[in-house]
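One structure is given here, and the rest of the page talks about it.
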Amino acid sequence: MQTVPPGKDTEPFSLLGLLRYFLRLGTLGFGGPIALAGYMQRDLVKRRGWISPQDYKEGLALAQLAPGPLAAQLAMYLGWVRARTLGATLVWSSRWRSSAISSRGSRARC
């Protein structure tokens, strides 16, 4: 795991901030897995500086090799990079929570 040198545009990392980010991305993110992976790179690597470019590339490669949903696996890997088991677990839980929020909102409109 590499650390990212803080830049003038980076936000300080917090586990709560990471959880909020993935809740928001899971609820409002639009596009397929490649689009969501691109949003993670833009937001977490370039804008916030929470993930190093090398860690992102390794996570993307591992997510592409493993069977299953690419964006969810990449998100869990990035959570693991920042906060190990707790980070991966929280990111995983935010994926199903955001789905529940989205489906609850669409059910209310029917």
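The values are calculated or read from the model by the stated rules, or taken from the named source; none is laboratory data. In this text the structure is predicted, and so the values were computed from the model without any measurement. With ideal geometry, Cβ positions are generated from the backbone for all residues, glycine too; neighbour counts draw on all protein chains shown.
Here are a few things to note about the model shown:
- Close Cβ contacts (under 6 Å, 6 or more residues apart or on different chains) running from residues in the stretch 38-53 that are over 13 Å from Pro12 (Cβ atoms) to residues that are of a type in the set (Phe, Trp, Tyr) and part of a helix (DSSP H, G or I) comprise Gln41/Tyr56; Val45/Tyr56.
- From Ala72, Ala83, residue being crowded, with 17+ Cβ neighbours inside 10 Å, modelled with pLDDT under 95, within 18 Å of Tyr21 (Cα to Cα) and of a type in the set (A, V, I, L, M): Ala72
- Residue pairs whose Cβ atoms lie under 6 Å apart, separated by 6 or more positions or on different chains, with the first residue in the stretch 1-27 and among the β-branched types (Val, Ile, Thr) and the second at pLDDT 95 or above and surrounded by 12 or more Cβ atoms within 10 Å (Cβ to Cβ), are Val4/Gly49; Val4/Ser52; Thr10/Arg48; Thr10/Gly49.
- Enumeration of residues in the stretch 70-92 that are without any contact (Cβ under 8 Å) to a residue 60 or more places away in the chain and over 10 Å from the mean Cα position of the chain (by Cα): Leu70, Trp80, Arg84, Thr85, Thr89
- Condition check for Lys8: at pLDDT 95 or above and basic (Lys, Arg): no
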